[in-house]
There are 2 protein chains.
Amino acid sequence: MTGIDRSDGFVGLPVTDPSPSERGDAARNRALLLDAARRLITERGTTSVTMDDVATAAGVGKGTLFRRFGSRSGLMIVLLDEDEKEQQHAFMFGPPPLGPGAPPIDRLIAYGHERLSFVWDHRALLSDAGRDPQTRFNAPSTLHRIHVRMLLASAGTTGDLDAQTDALLALLDAEYVTHQVTDLDRSLEQQVRGWEDVVHKLCGV
Amino acid sequence: MTGIDRSDGFVGLPVTDPSPSERGDAARNRALLLDAARRLITERGTTSVTMDDVATAAGVGKGTLFRRFGSRSGLMIVLLDEDEKEQQHAFMFGPPPLGPGAPPIDRLIAYGHERLSFVWDHRALLSDAGRDPQTRFNAPSTLHRIHVRMLLASAGTTGDLDAQTDALLALLDAEYVTHQVTDLDRSLEQQVRGWEDVVHKLCGV
């Protein structure tokens, strides 16, 4: 028995225990709705997908969609959050060179490469999240800072690791990346090479 | 006759030509109002200064203040703009090490030092300006990018200069600097040292 032992009698807020089939329906509807939303976003881009579209594509009532996610932005946050968790798992526990097992500089390069693609694919959602001053410098960006800082330290980087981490991570900011591509015609490939240059310099290569 | 040809007799909106003494009054009032606003902001911080305060401190009617600057944010933009111009002049044409005549790395260090102080002093105004996606990556930041990029190039920096410039300038972002000081207890002095570390690494020192 550990710290989350509930033998103190705490049983949480009183809830109506759903029957197994109700729980199964809810889980199935959730999966259908998220799959439909992902498919539509891939086809049309985030901004042109409405709640009506998602409900219709999932074959689920619009009421269920709103009950499940609260609002369009609630749905988008869940989608972003799931993808963020998947990517975090990949760079923390997945196969090298992104995950453990490769030299820290190789992991940093792989991280920049993966993250630039992720940021570009999720730019609309990330840009919304980043515009809120309360979340701009907080989780999940905290986890990215810790990861990049750890890799810089493992690579034997000298000097102020916080400043170097933040300078690097600025190159992965959603609005920055989007501005580079759409306003300056700087492709993701060019940005990956820019990331590599800065990584190599900070690591003294 | 083209769209911008004014030989069509267009003379703009009819205006009453001010007499020399009226123009003198206007210039004097403008200077009084800006001086008063600066003084109050230094004493109390930007957010606690009202238009009433400024008019009273300047000994000028509130109507004149609004006619002159349109709104509180209009007044703030003029103040920021004047200070930006003064600082730009200093790093482009002023004495070394900030201005021309010193080695590029010394100029970059001096620039970071001056700019961190400036950004901290003007954080409220800059943060407002930066939150607008239309201005975030535009002037006056364009001028700063050109300046830092030019100094990196003069220092013989190799690799992608754009990425390196942007990584460096991220350390001078108003919201970032404020977050470092107020949420993380990272003093301006620490941030200056962080800037120096990144500059030295990018320049291969």
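The values are calculated or read from the model by the stated rules, or taken from the named source; none is laboratory data. Everything quoted here is computed from the prediction, not taken from an experiment. Every residue, glycine among them, receives a Cβ derived from its backbone with ideal geometry; neighbour counts consider all protein chains shown.
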Which of the following residues is in the same structural domain as A:V78 (by TED's automatic domain parsing), of a type in the set (D, E) and under 22 Å from the mean Cα position of the chain (by Cα): A:D197, A:D183, A:D162? A:D162
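Yes or no, residue by residue, for (1) aliphatic (A, V, I, L, M); (2) part of a helix (DSSP H, G or I); (3) surrounded by 19 or more Cβ atoms within 10 Å (Cβ to Cβ):
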{"site": "A:R38", "(1), (2), (3)": "no, yes, no"}
{"site": "A:I41", "(1), (2), (3)": "yes, yes, yes"}
{"site": "A:T47", "(1), (2), (3)": "no, yes, no"}
{"site": "A:R68", "(1), (2), (3)": "no, yes, no"}
{"site": "A:P96", "(1), (2), (3)": "no, no, no"}
{"site": "A:R107", "(1), (2), (3)": "no, yes, yes"}
Scan the range B:156-178 and tell me whether some residue there is modelled with pLDDT of 95 or more, under 18 Å from A:A167 (Cβ atoms), part of a helix (DSSP H, G or I) and touching a Cys at 6+ places or on another chain (Cβ under 9 Å). no
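Of the residues in the range B:49-63, how many are assigned to a loop (DSSP other than H, G, I, E, B) and under 20 Å from B:D128 (Cβ atoms)?
Initial filter on the range B:49-63 (assigned to a loop (DSSP other than H, G, I, E, B)): B:49-50, B:59-61.
Restricting the remaining residues to those that are under 20 Å from B:D128 (Cβ atoms) gives B:49-50.
Qualifying residue count for the region: 2.
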Identify all residues within the range A:77-94 that are buried (at least 17 other Cβ atoms within 10 Å of the Cβ) and of a type in the set (D, E, K, R); write none if there are none. A:E84
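Tell me, which residue of the range B:49-58 that is more than 17 Å from B:S127 (Cβ to Cβ) and touching a helix residue (DSSP H, G or I) at 6+ places or on another chain (Cβ under 7 Å) is surrounded by the most Cβ atoms within 10 Å (Cβ to Cβ)? Break it down into steps so the answer makes sense when it comes.
Restricting attention to the range B:49-58, the residues satisfying the condition of being more than 17 Å from B:S127 (Cβ to Cβ) are B:50-58.
If we keep only those that are touching a helix residue (DSSP H, G or I) at 6+ places or on another chain (Cβ under 7 Å) too, we end up with B:51-55, B:57-58.
Details: B:M51: 16, B:D52: 10, B:D53: 16, B:V54: 25, B:A55: 20, B:A57: 17, B:A58: 22.
Filtering the range B:49-58 for residues that are more than 17 Å from B:S127 (Cβ to Cβ) and touching a helix residue (DSSP H, G or I) at 6+ places or on another chain (Cβ under 7 Å), the one surrounded by the most Cβ atoms within 10 Å (Cβ to Cβ) comes out as B:V54.
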Among the residues of the range A:78-93, are any in contact (Cβ under 8 Å) with a residue 12 or more places away in the chain, among the basic types (K, R) and assigned by TED's automatic domain parsing to the domain that holds A:A174? no
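Take the residues of the range B:186-205 that are of a type in the set (D, E, K, R) and over 28 Å from A:R193 (Cβ atoms): which is farthest from the other protein chains (Cβ to nearest Cβ)? Break it down into steps so the answer makes sense when it comes.
Filtering the range B:186-205 for residues of a type in the set (D, E, K, R) gives B:186, B:189, B:193, B:196-197, B:201.
Checking the rest, the ones that are also over 28 Å from A:R193 (Cβ atoms) come to B:186, B:189, B:193.
Working: B:R186: 7, B:E189: 12, B:R193: 6 Å.
So the residue we want is B:E189.
Here are B:D166, B:D183: which of them is facing chain A (nearest Cβ under 8 Å), surrounded by 14 or more Cβ atoms within 10 Å (Cβ to Cβ) and on the phi < 0 side of the Ramachandran plot? Full working, then the answer.
Numbers: B:D183 fails: surrounded by 14 or more Cβ atoms within 10 Å (Cβ to Cβ).
Just one listed residue meets the conditions, B:D166.
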